[in-house]
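Working notes for the structure below.
The values are calculated or read from the model by the stated rules, or taken from the named source; none is laboratory data. Keep in mind that what you see is a predicted model, and the values were worked out from it rather than measured. Here the Cβ positions follow ideal geometry from the backbone for every residue, glycine too, while neighbour counts run over all protein chains shown.
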């Protein structure tokens, strides 16, 4: 439960040590004499609400708190000591940008839902789709409208080569969804993901095309375009001009004004008319 507590010698044992046995407590040492402390204290108060943790504030202006200041060996203000199970787990000195501060705090205050999402993202990045898919299906049974889980499920399905299911899910995202742009990009790159998921590809040109599709699926667009261009030069008619079609698809993904579209469209045109 999020709350902000003024910490003193009298309530330190209860509000910090005992409370940290259940969940880590962020102890902020602050002083009204230093201009940075006011805005930083406000930010920490906001984060304690959004990330749901207890913020204990120790005023360094109160001489009665000197014992706490000495015990924590505070060197400057503002300074945060994260106390977890009665031990100092992290020390954040000085003013950090909000995003950097959140990353430091997320190690202790991430929600179970966010922890699961992070774990699933790691599994997908490691191509451990067999582990990710059952967990995703279970999460979506509990909350079928969770867009983040839907996107992760589509990624895992693509990794398993099930493009039809992924296409159905990705097609339901709208511009109002936070994940819309990523879902749209995956939808446009669907054919590349399908090819990248294939096993035991045979034939020189097919292997080159397969590797280029893997680059496109990983959104390494310049390397993918160069690989498709090389294949087009070597075998322009292979598989009904698949290399050229792939380049045209990537031009559509990137958009007509993107520098890679200009660069590789010019190269493709040159090769076509030599």
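Remarks
- Filter result (buried (at least 18 other Cβ atoms within 10 Å of the Cβ) and within 18 Å of residue 3 (Cα to Cα)) within region 20-40: 20, 24, 25, 26, 27, 28, 29, 30, 40
- Across region 124-172, the number of residues qualifying as in contact with a helix residue (DSSP H, G or I) (Cβ under 8 Å, 6 or more places away or on another chain) and part of a helix (DSSP H, G or I) comes to 28.
- Given (1) modelled with pLDDT of 95 or more; (2) exposed (fewer than 14 other Cβ atoms within 10 Å of the Cβ); (3) within 27 Å of the chain's Cα centre (by Cα), number of the condition residue 223 does not satisfy: (2)
- Residue 214 vs. criteria within 28 Å of residue 151 (Cα to Cα) and over 31 Å from the mean Cα position of the chain (by Cα): no
- Complete set of residues in region 105-121 that are over 18 Å from residue 142 (Cβ atoms), surrounded by fewer than 17 Cβ atoms within 10 Å (Cβ to Cβ) and modelled with pLDDT of 75 or more: 106, 107, 121
- Qualifying residue in region 43-57 (condition: over 27 Å from the mean Cα position of the chain (by Cα), surrounded by 15 or more Cβ atoms within 10 Å (Cβ to Cβ) and either assigned by TED's automatic domain parsing to the domain that holds residue 8 or touching a residue at least 60 places away in the same chain (Cβ under 8 Å) (or both)): yes
- Among (1) surrounded by fewer than 12 Cβ atoms within 10 Å (Cβ to Cβ); (2) without any contact (Cβ under 8 Å) to a residue 24 or more places away in the chain, the one test that residue 178 misses: (2)
Residue by residue, here is whether (1) surrounded by fewer than 19 Cβ atoms within 10 Å (Cβ to Cβ); (2) assigned to a helix (DSSP H, G or I); (3) assigned by TED's automatic domain parsing to the domain that holds residue 169 holds:
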| site | (1), (2), (3) |
| --- | --- |
| 198 | yes, no, no |
| 207 | yes, yes, no |
| 219 | yes, no, no |
| 247 | no, yes, no |
| 250 | no, yes, no |
| 257 | yes, no, no |
| 260 | yes, yes, no |
| 268 | no, yes, no |
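- Hey, residue 105 within 25 Å of residue 178 (Cα to Cα) and touching a residue at least 24 places away in the same chain (Cβ under 8 Å) or not: yes
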